[in-house]
1. Are any residues in region 232-275 within 16 Å of ligand 1 (Cβ to nearest atom), free of Cβ contacts under 8 Å to residues at least 60 places away in the same chain and touching a helix residue (DSSP H, G or I) at 6+ places or on another chain (Cβ under 8 Å), and if so, which ones?
2. Filter region 118-137 down to the residues that are over 19 Å from H88 (Cβ atoms) and of a type in the set (S, T, Y) and list them by number.
3. Going through R385, R338, R420 one at a time, which residue ends up being at pLDDT below 95, among the basic types (K, R) and farther than 19 Å from V104 by Cβ?
4. Against the condition more than 14 Å from ligand 2 (Cβ to nearest atom), over 30 Å from A259 (Cα atoms) and crowded, with 23+ Cβ neighbours inside 10 Å, how does I139 come out, does it pass?
5. Yes or no: region 231-242 includes at least one residue that is within 16 Å of ligand 2 (Cβ to nearest atom), aliphatic (A, V, I, L, M) and in contact with a Phe, Trp or Tyr (Cβ under 7 Å, 6 or more places away or on another chain).
6. Give the residues of region 283-314 that are over 21 Å from the mean Cα position of the chain (by Cα), assigned to a loop (DSSP other than H, G, I, E, B) and among the acidic types (D, E), sorted by residue number.
7. From the set of residues in region 159-213 that are within 24 Å of A302 (Cα to Cα), touching a residue at least 40 places away in the same chain (Cβ under 8 Å) and of a type in the set (A, V, I, L, M, F, W, C), which is nearest to ligand 2 (Cβ to nearest atom)?
Amino acid sequence: MGARGKLSPRAQAIIFSYYEQVIRPLKVLTGGELWINGRLTQAEISFGESIEKIDKDLDGERIDCSGLIILPGMIDAHVHFRDFNDSHKEDWQSAGKAAVKGGVTTVLEMPNTNPPTTTLEMIREKKKRASASAVNFGIYGGLTPENIKNIPEIAKQVTAFKLFMGETTGGLEIKNRSMQREIFQRVAETGKVLAVHSQRLDSPSEASDIEVALEHALMSKARLYLCHVRTQEGLQLAYDAKRDVDVTIETCPHYLFFACEDVEKRGSWLKVNPPITSAEDREFLWEALQRGMIDTLGSDHAPHSQEEKSKPFDQAPFGLPGVETSLPLMLNAVNKKRLSLARLIEIFSENPAKRFGYASKGRIAVGNNADLVVVDLERSARVERKDLATKCGWSPYETMELQGWPMLVFVRGKLLFDAR
Ligand code: DOR
Ligand code: ZN
Ligand code: ZN
């Protein structure tokens, strides 16, 4: 016993871990099929915070998953969760619920918040809020002319860095090429991944912006993560550069499900940066996804209030919510045979885990974190406003009928979403 009869933190930790490991019964999912090593396998799985066993006739609190499939939790490496001075749009509580409801058990959150995540103090504040939310998280450090010299210290506190090379929400853009190069070099020295928003608002093409980012990465040997690639030319350029550059290519659901005709009809509601492009690009993206040219899917969840998105096109902010609809949209695509389940798990779980260093995530395996999504591939439902957890309260996918939905979601073994 420590002072005044209280248990020391060490004693508390020992008792807690004894409780977790010995007393608390493990959960067992029975009757379902597990996604293991690239295919579905009929087996039971038992877990506490981590996966204990994959076998038959396991002991524990049994949960019937007959007719369902069990996937590793999705890892969304591109979300904007707002909070602080923009908590009318979203905060970590609402966003965490939205993520988990959508089968996303880990997020990487962008730094263009208000205030931005560009100082050690803001990193600390953001982690406090994020820790109290439902979802596992990593955060990106933002870059400004003032904090370049602090990159080594910031690197110790963040999962990765994010550089905005063109104008967008939050005003963090750095357009000066030599300053961009210095940032690439300094981030490369830390060994952290550098995610970039390479698009400039006034640029002639996506490819011309991607080319600049690739050149910086080639010269600095940075580990590059290209956000929201969406055109045939841009994607081909980035894919071909893989010979010489360590680059990961991301796309987002809105470039797969919308084309400029939709933007003409729906105006500000589909205003996003970079903008939605042609139907030909959209079809090329689907083929490229299936062929393996694209490495990851990120939602680019960027919520703005309905009042803000009701403004005329030139005054409305850029961005669409998406963290809770990405998995259902993609499961629906799997049902329609636009994409294999294997590719979906690669781009939305395995590859993000590998790229951002989550060695115990992205795969169902003994010892890995019990971040699990139990999915019903048969269930059909409409995306409806009343069901949304995001605080912004709307979705660009409203009224779409989708087949394939999360039914149970476990984050480190805790059941945090149950649609049964
Ligand atoms: O549409 C966008 N919204 N693009 C961005 O680059 C930022 C994001 C946001 O934070 O609203
Ligand atoms: Zn961006
Ligand atoms: Zn973004």
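1. G234, T251, Y255, C260, D262, V263, S268, K271, V272, P275, listed by residue number.
2. Within region 118-137, T118, T119, S131 meet the criteria.
3. On the way: R385 fails: at pLDDT below 95; R338 fails: at pLDDT below 95.
Only one candidate passes the filter, namely R420.
4. For I139, the condition - more than 14 Å from ligand 2 (Cβ to nearest atom), over 30 Å from A259 (Cα atoms) and crowded, with 23+ Cβ neighbours inside 10 Å - is met.
5. No, region 231-242 contains no residue that is within 16 Å of ligand 2 (Cβ to nearest atom), aliphatic (A, V, I, L, M) and in contact with a Phe, Trp or Tyr (Cβ under 7 Å, 6 or more places away or on another chain).
6. Residue satisfying the conditions is D314 alone.
7. Applying the filter and picking the extreme gives F164.
One line per residue, one yes/no per condition, for (1) touching a Lys or Arg at 6+ places or on another chain (Cβ under 9 Å); (2) among the hydrophobic types (A, V, I, L, M, F, W, C); (3) closer than 26 Å to V193 by Cβ; (4) without any contact (Cβ under 8 Å) to a residue 24 or more places away in the chain:
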position: S326; (1), (2), (3), (4): no, no, yes, no
position: A333; (1), (2), (3), (4): no, yes, no, no
position: A342; (1), (2), (3), (4): yes, yes, yes, no
position: G367; (1), (2), (3), (4): no, no, yes, no
position: D371; (1), (2), (3), (4): yes, no, yes, no
position: K386; (1), (2), (3), (4): no, no, no, yes
position: G393; (1), (2), (3), (4): yes, no, no, no
position: P396; (1), (2), (3), (4): yes, no, no, no
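The values are calculated or read from the model by the stated rules, or taken from the named source; none is laboratory data. Here the structure is a predicted model, which means the values were calculated and not measured. Cβ: placed from backbone, ideal geometry, glycine included. Neighbour counts: every protein chain shown.
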